[in-house]
1. Counting Lys +1, Arg +1, Asp -1, Glu -1, what net charge surrounds ASN98 among other residues with beta carbon under 15 Å of its beta carbon?
2. Could you pull out every one of the aspartates and glutamates with an alpha carbon less than 19 Å from that of LYS215, ignoring same-chain neighbours closer than 8 positions?
3. With equal scatterers on the alpha carbons only and no solvent term, can you work out the Debye log10 of I(q)/I(0) for segment 27-103 at 0.18, 0.22, 0.23 1/Å?
4. If you stretched the chain out fully between ASP58 and LYS268, how much longer would it get, using 0.36 nm times the residue separation minus the C-alpha to C-alpha distance?
5. In nm, to one decimal, how far is the modelled label at ARG209 from the one at THR160, with both set 7 Å along Cα→Cβ?
6. Under a crude label model (7 Å from the Cα following the beta-carbon direction), how far is ALA217 from ASP151 in nanometres?
7. With r as the distance between the Cβ atoms of PHE39 and ARG260 and R0 = 45 Å, compute the FRET efficiency 1/(1 + (r/R0)^6) and round to 0.05.
Amino acid sequence: MVNLHLKLFLLCSLLVLASGHSSRNLPVISFDEGYSQLFGDDNLMLLEDGKSVHISLDQRTGSGFVSQDLYLHGFFSASIKLPADYTAGVVVAFYMSNGDIYEKTHDEIDFEFLGNIRGKNWRVQTNVYGNGSTNFGREERYDLWFDPSEDYHHYSILWTENQIIFYVDNVPIREIKKTEAMGRAFPSKPMTLYATIWDGSDWATNGGRYRVSYKYAPYVARFSDFVLHGCSVDPVEQFSKCDNAPKSRSIPTGITQEQRAKMQQFRKKHMQYSYCYDRTRYRAPPSECTIDLNEAKRLQGFDPVTFGGTRRHHSKRHHHNKLTLNRFTAI
Ligand SMILES: *[C@@H]1O[C@H](CO)[C@@H](O)[C@H](O)[C@H]1NC(C)=O
């Protein structure tokens with residue numbers, strides 16, 4: 001009996017070891033099981049394993065793909081390796097939206113990767129819109145603790161009725177808890193998943209100062225390890241096929257205490273912009289914001305005018321910044 005337990009234990013340990021990087025045993029699907037090409041002709045290339053896809057940007061076109069199903073809530077993830085070297089103006093986005101169904105009242109949850117000049121790392125932006133709230137940006141921007149063009153890393157979105165959590169390699173980097181005041185500004189209608197690469201020359205790097213250089217094209221973004229673990233919804237009748245969705249214990253449902261400490265560490269060290277602290281845009285932090293003194297201090301160090309509540313000397317310039325930020329929504 002003891003022996004059997006020991007054997008089982010060893011077997012389980014081996015299985016855990018064997019699964020390596022995706023040690024959480026996420027229910028990974030092939031590209032064809034969950035996604036279809038959206039645009040870009042042969043700038044989308046499916047690899048032989050069926051589980052990875054390359055999307056590229058060259059002088060002719062960008063490219064992208066879209067999930068076959070609409071989802072109401074769930075956990076959505078992909079491993080992504082971004083193009084290296086000079087990537088100014090290049091934008092890679094992994095996001096949820098229902099903009100093609102609800103033109104004026106769409107919802108959106110975004111990961112946006114903003115390329116940079118050589119020697120400077122990619123920046124990551126997250127954002128959320130609900131019921132067409134595009135004049136109310138909820139952007140945050142961060143640098144990462146690794147070079148995202150060197151290897152694949154997991155980027156994930158957990159979306160429930162009451163909260164949205166963004167993860168990088170299983171570390172939560174941002175949590176949005178729905179408040180009453182947010183109302184429909186919290187995404188509430190079924191959305192599809194998108195992944196795209198495109199030319200964001202006009203605004204992506206220092207507000208358009210550095211443009212895409214096609215000398216270095218094609219820019220290739222690699223995607224793998226797809227997880228679409230949600231309630232899929234019939235687009236016409238809008239009934240949910242949720243009960244059929246396979247349950248997986250490796251899907252997170254919220255932030256553990258240990259993870260919360262990691263999230264605070266990340267934000268204290270890597271956050272470069274948050275609307276919650278931007279007094280030039282919102283006089284008081286919007287209701288869903290939790291103000292953290294460490295985060296505030298770091299941002300004030302970058303830009304005391306925007307984040308400090310210091311007297312404004314350059315209101316014109318900030319007005320311009322605001323417009324630039326709003327353009328981040330134009331996917
Ligand atoms: C959503 O937005 C539309 C258009 O702006 C507005 O008419 C409607 O009242 C909003 N819905 C809710 C529930 O807030």
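1. Values: positive: LYS104, ARG184, LYS189; negative: ASP69, ASP100, GLU103, ASP107, GLU108, ASP110, ASP234.
Neighbourhood net charge equals -4.
2. Hits, sequence-local ones excluded: ASP58, ASP85, ASP199, ASP202.
3. -0.88, -1.25, -1.32
4. Numbers: separation 210, 0.36 × 210 = 75.60 nm, distance 3.66 nm.
Between ASP58 and LYS268, full extension yields 71.9 nm more.
5. Between ARG209 and THR160, the simple spin-label model gives 4.2 nm.
6. About 3.2 nm, to one decimal.
7. Numbers: r = 39 Å, r/R0 = 0.87.
Given R0 = 45 Å and the Cβ-Cβ separation, E is 0.70.
Each value in this text was obtained by applying a stated rule to the coordinates, not by laboratory testing. Because the structure is a prediction, the values reported are computed rather than measured. Reconstructed Cβ throughout: ideal geometry from the backbone, glycine too, with neighbour counts over all protein chains shown.
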